[in-house]
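Report on the following structure.
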Amino acid sequence: MDRYEPLKIEAKWQKIWEEEKPFKVTEEPNVPKMMVAEMFPYPSGAGLHVGHVRNFTIVDVLTRFFMQQKINTMRPFGYDTFGLPAENYAIKTGTAPQDVTKTNIENFRKQAKRLGYAIDWDREINTSDPEYYKWTQWCFLQLYKKGLAYQKESYQWWCPVDQTVLANEQVENGHCWRCGHEVEKKKMKQWFFKITEYADELLEEIDSLDWPEKIKTMQKNWIGRSVGAEIEFLLDSRSSGAWQGEEKRRSPVATGRADAGREPSKNSITVFTTRPDTILGATFLVVAPEYPSLEALLTDDTREEVLAYKAASLKKSEIERQENKEKTGVFTGSYAINPATKEKIPIYVADYVLAGYGTGAIMAVPAYDDRDREFAEKFNLPIVEAELVDRDLYGTPKITYKMRDWLISRQRYWGCPIPIAYDKDGDPHPIPEDQLPVIHPEVKDYQPDDTGRSPLAKATDWLKVTIDGEEMTRETDTLDGYACSSWYLWRYASPHDDKAAWDKDAIKYWEPVDYYVGADHAVAHLLYIRFWCKFFADQGFLPFREPIKKLIYHGYINAPDGKKMSKSKGNVIDPLDVINEGYGADTLRTYEMFIGPVELDAAWDPRSVGGVYRFLNRCYNLVFKADDDAFSRSSGAWQGEEKRRSPVATGRADAGRENGIAIRHRVIKKVTTDIHKCQFNTAVAALMEYVNDLYKQGASEEDLITLAKLLKPFAPHLASEMLEKLGADDEWPVWDEKYLTSDTVEIIVQINGKLRAKLTVNAEDLEDEEKIKSLALADEKVAKYTTNGIRKSIFVKKSHLLNFVV
RNA sequence: GCCCCGGUGGCGGAAUUGGUAUACGCGUUCGACUUAAAAUCGAAUGGAGAAAUCCAUAUGAGUUCAAGUCUCAUCCGGGGCACCA
């Protein structure tokens, strides 16, 4: 006769799970497997927030659901620990990021345990652990060996606040993804991963993924494939600039894209166009301000003005470029020959042409392109409505992508060291694999500066390294954190392997990941991990080419006022507070599953939390507050099924409406199919409905066991307590379709599509349309409308519906 | 500007895919228990109406025996892309 005391029950079961490790798994070749994981968290000092709880609970519901079905289910856990917050904290307080990280991990682990997650704690990983990043460095070297990790000097996004370069994927509307400050362009020599090598496959396989359409579309847009042609325009030698007098010669057909560092020819300009058929209307050329051989196009008359324009463009932030789309530009002083018309056309420089896309130069066809027309009108250039020509006549077919190579160097301390050293000529050499890991050096001063070198440069002893007897200097940049998270899912298969990044047999059994749950990183992380997967599959290290089968992308949880939770607004709900107030972890978990459809944002509602608590309390009472009195009072309320126990309700005798077996099998089916579809909110609603029914009509032993089993993925502590009391295991129940049909069915009778009567008939009468019709016509409510006869009748057996048209 | 989604009670949201609109929860009201309150339990709850009925899924048309669901137009909200040649 105890009250429902979640904190007591939860402590009891958490201790049992800690000691007995029921969630520890190993490969069992003859047992079906599942692998379920969340996007691992960055362990911040603030601890878990309600968004983490939503994320982790979705994973946990699936995990327990599969475990209860005797599927060998792995649910690992890890921490994405490299990154700016720990480093900025270090700069502010002098505490080593290593120490901050350790504290934060301990806190996260403790809190995750407090939520009762079915984690295999022997599969815990941490990206800043040398045992882990040793293999991140190994991955880098594999890419380096195949030429997919390379250095290039070019203009890059630079965040002046974080004092580091950023990948394109980390620049959001011209702002740094971390600190929000506007980014600038800076010319630097940096490391890249050649993701563009896999652009085609990354694009083509998107369609086969069981991922939300939203994410798939974003990835497609990001890759941005365009089919067109490259066309070479020779410069007009008699009319211009610095190259004058140089020997005129045809340049070889260009193949690479501007991004790959190709040096354009000095006596021709190659453009990329998706409309090579409009070449007769090309009346001028435009090159980007950063166009590599711009200098060669200039004349004494134009040099000063063009260089001033270039300098101004580089200084302009992305935001300014976006806000002011008014076309600007300057004539270079040079002309080119349109290969189709043989006419001499002027060459302009303008910042509406992007250096990083295509060849950094375009042929302007103002009659067919709005942007070119705008430019032509402003600068009084001819607009020619020319005929179209065959697409292949003047150019080489060419496919171009918006996606650029992935810039991975960071000029920051708290990241994975890049395993490279430079000889005295400055040429890079890989650190031999047997010298890994390149251990992260301790430094005294974490402050970055604008020298373009990371604080690692201050670890003077560490910088020196000997490779093959030669003295070298280590690379001081660190790897983008996304590199560390591009392979962690594979590490889960064999997290303590010291011979390899991942064990081939283990990974073959466990992966690809069956369900991956998260709320962010639509392009960056989810594109990078696909890229690495394809690369390592090509090297024979992975037996699959896509790492994630099903992706679940959930919405955010906002404050009760609908606004984003933030410390500064003071509207943050701390999940641990909710637990400790007395609601417990089960209520918190179940509430967050009930809050709304997974994919949608939701607002926290403290009163609804109470509603979920009441529901769990009712579940508890059904099992623990039953007494023999209520037992006998309610037995007989149901048509002769098993002995029913009803704790509270008097067992209202409205049986005949439905029988208990049907209700039970219906809820099993509903909860099972809903979890499969990740419709957790309606699964919880179905359980609530079931409990309401049991209160009204009495519950059998079988009902209570079923309830506890179905409840367990959501509220595992309470459900375990119930099952223990009932002396039952937690094996997931199965429904039998034959119990879902009852002896009688309700027929909906409509007149002209409007509901007019409901008829209860024997189930077998569904086969007899004429009988149902006559029964319906005999109904007085129906008869009222059919006095003038019936023009038509439609009977829909599957919907139990009969419609008369009068 | 272009491309996707959405719009259902006082609120969060259901609706077997064209077939009983508003499940479940919150809130509200009433009742039971209590000296009282809380908790708990029960009942009611889209709107109008005494009732029969009528009207309701952003708005307007259309298709259909039947439309929240399909088609077209309009309005509003959210997301993505955004000078990518």
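The values are calculated or read from the model by the stated rules, or taken from the named source; none is laboratory data. What you are looking at is a predicted structure, and each value in this text was computed from that prediction instead of being measured. Backbone-built Cβ (ideal geometry, glycine too); neighbour counts: all protein chains shown.
Considering only the range A:26-54, state which residues are β-branched (Val, Ile, Thr), buried (at least 22 other Cβ atoms within 10 Å of the Cβ) and out of contact with any Lys or Arg (no Cβ under 8 Å at 6 or more places or on another chain).
Hit for the range A:26-54 is A:50, nothing else.
Being among the aromatic types (Phe, Trp, Tyr) and in contact (Cβ under 8 Å) with a residue 60 or more places away in the chain is the filter here, so list the residues in the range A:542-558 that pass it.
Of the residues in the range A:542-558, the ones among the aromatic types (Phe, Trp, Tyr) are A:544, A:553, A:556.
Matches in the range A:542-558: A:553, A:556.
Just one of (1) within 13 Å of RNA strand B (Cβ to nearest atom); (2) more than 30 Å from residue A:433 (Cα to Cα); (3) in contact with an Asp or Glu (Cβ under 6 Å, 6 or more places away or on another chain) trips up residue A:378, so point out which.
Going through the list (1) within 13 Å of RNA strand B (Cβ to nearest atom); (2) more than 30 Å from residue A:433 (Cα to Cα); (3) in contact with an Asp or Glu (Cβ under 6 Å, 6 or more places away or on another chain), residue A:378 breaks only (3).
Please list, ordered by first then second residue, the pairs with beta carbon atoms under 6 Å, 6 or more apart or interchain, first in the range A:592-621 and within 30 Å of residue A:702 (Cβ to Cβ), second within 6 Å of RNA strand B (Cβ to nearest atom).
The qualifying pairs are A:594/A:681; A:615/A:688.
Contact list please: Cβ distance under 7 Å, first residue in the range A:779-806 and within 19 Å of residue A:761 (Cβ to Cβ), second residue more than 10 Å from RNA strand B (Cβ to nearest atom) and polar (S, T, N, Q), pairs at least six apart or on different chains.
A:804/A:786
Could you look through the range A:723-738, keep only residues that are part of a helix (DSSP H, G or I) and more than 16 Å from RNA strand B (Cβ to nearest atom), and pick out the one that is nearest to the chain's Cα centre (by Cα)?
Among residues in the range A:723-738 that are part of a helix (DSSP H, G or I) and more than 16 Å from RNA strand B (Cβ to nearest atom), the one nearest to the chain's Cα centre (by Cα) is A:723.
Which one is nearest to residue A:511 (Cα to Cα) among residues in the range A:57-95 that are surrounded by fewer than 19 Cβ atoms within 10 Å (Cβ to Cβ) and among the hydrophobic types (A, V, I, L, M, F, W, C)?
A:71
Go through the range A:722-742 residue by residue and tally those that are within 19 Å of residue A:69 (Cα to Cα) and touching an Asp or Glu at 6+ places or on another chain (Cβ under 8 Å).
Looking only at that region, the number is 1.
Identify the residue in the range A:408-423 that is among the hydrophobic types (A, V, I, L, M, F, W, C) and at pLDDT below 95 and, among all such residues, is surrounded by the most Cβ atoms within 10 Å (Cβ to Cβ).
A:414
Quickly run through the range A:333-365 and pick out the residues that are more than 16 Å from RNA strand B (Cβ to nearest atom) and outside any loop (DSSP other than H, G, I, E, B).
Hits for the range A:333-365 are A:333, A:334, A:335, A:337, A:344, A:346.
If you check A:723, A:687, which single one turns out to be in contact (Cβ under 8 Å) with a residue 40 or more places away in the chain and under 28 Å from residue A:17 (Cβ atoms)?
Only one candidate qualifies: A:687.
Restricting attention to the range A:764-790, which residues are assigned to a helix (DSSP H, G or I) and surrounded by 12 or more Cβ atoms within 10 Å (Cβ to Cβ)? Explain how you work it out, then say what you get.
Applying the first criterion (assigned to a helix (DSSP H, G or I)) to the range A:764-790 yields A:764-767, A:769-778, A:780-783.
The answer is A:765, A:766, A:769, A:771, A:772, A:773, A:775, A:776, A:777, A:781, A:782, A:783.
Within the range A:176-194, track down each residue that is surrounded by 18 or more Cβ atoms within 10 Å (Cβ to Cβ) and either within 16 Å of RNA strand B (Cβ to nearest atom) or free of Cβ contacts under 8 Å to residues at least 12 places away in the same chain (or both).
Passing the criteria: A:176, A:183, A:185.
Only one residue in A:328, A:359 is crowded, with 21+ Cβ neighbours inside 10 Å, modelled with pLDDT of 90 or more and polar (S, T, N, Q), so which one is that?
Going through A:328, A:359 in turn, just one is crowded, with 21+ Cβ neighbours inside 10 Å, modelled with pLDDT of 90 or more and polar (S, T, N, Q): A:359.
Count, please, the residues in the range A:769-787 that happen to be of a type outside the set (D, E, K, R) and within 14 Å of residue A:800 (Cα to Cα).
Initial filter on the range A:769-787 (of a type outside the set (D, E, K, R)): A:772, A:774-778, A:782-783, A:785-787.
From the residues that got through so far, the ones that are within 14 Å of residue A:800 (Cα to Cα) too are A:772, A:775-776.
Residues in the range A:769-787 being of a type outside the set (D, E, K, R) and within 14 Å of residue A:800 (Cα to Cα): 3 in total.
All but one of (1) within 26 Å of the chain's Cα centre (by Cα); (2) within 11 Å of RNA strand B (Cβ to nearest atom); (3) in a loop (DSSP other than H, G, I, E, B) hold for residue A:400; which doesn't?
Every listed condition holds for residue A:400 apart from (3).
Considering each of A:412, A:371 in turn, give the residue that is near RNA strand B (Cβ under 9 Å from one of its atoms) and among the basic types (Lys, Arg).
Among A:412, A:371, only A:371 is near RNA strand B (Cβ under 9 Å from one of its atoms) and among the basic types (Lys, Arg).
I'd like to know if the range A:602-619 contains one or more residues that are closer than 30 Å to residue A:742 by Cα, at pLDDT 80 or above, more than 9 Å from RNA strand B (Cβ to nearest atom) and buried (at least 16 other Cβ atoms within 10 Å of the Cβ).
The answer is yes, given that some residue of the range A:602-619 is closer than 30 Å to residue A:742 by Cα, at pLDDT 80 or above, more than 9 Å from RNA strand B (Cβ to nearest atom) and buried (at least 16 other Cβ atoms within 10 Å of the Cβ).
Restricting attention to the range A:482-528, report how many residues are among the charged types (D, E, K, R) and more than 19 Å from residue A:121 (Cα to Cα).
Of the residues in that region, 6 qualify.
Tell me which strands (runs of 3 or more DSSP E) are completely within the range A:101-175 and hold 1 or more residues being among the polar types (S, T, N, Q) and more than 21 Å from residue A:497 (Cα to Cα), or say none if there are none.
Of the strands (runs of 3 or more DSSP E) lying wholly inside the range A:101-175, those with at least 1 residues that are among the polar types (S, T, N, Q) and more than 21 Å from residue A:497 (Cα to Cα) span A:149-159, A:164-166.
Of the numbered conditions (1) modelled with pLDDT under 95; (2) within 33 Å of the chain's Cα centre (by Cα); (3) more than 14 Å from residue A:473 (Cα to Cα), residue A:456 satisfies every one except a single condition; which is it?
For residue A:456, the exception is condition (3).
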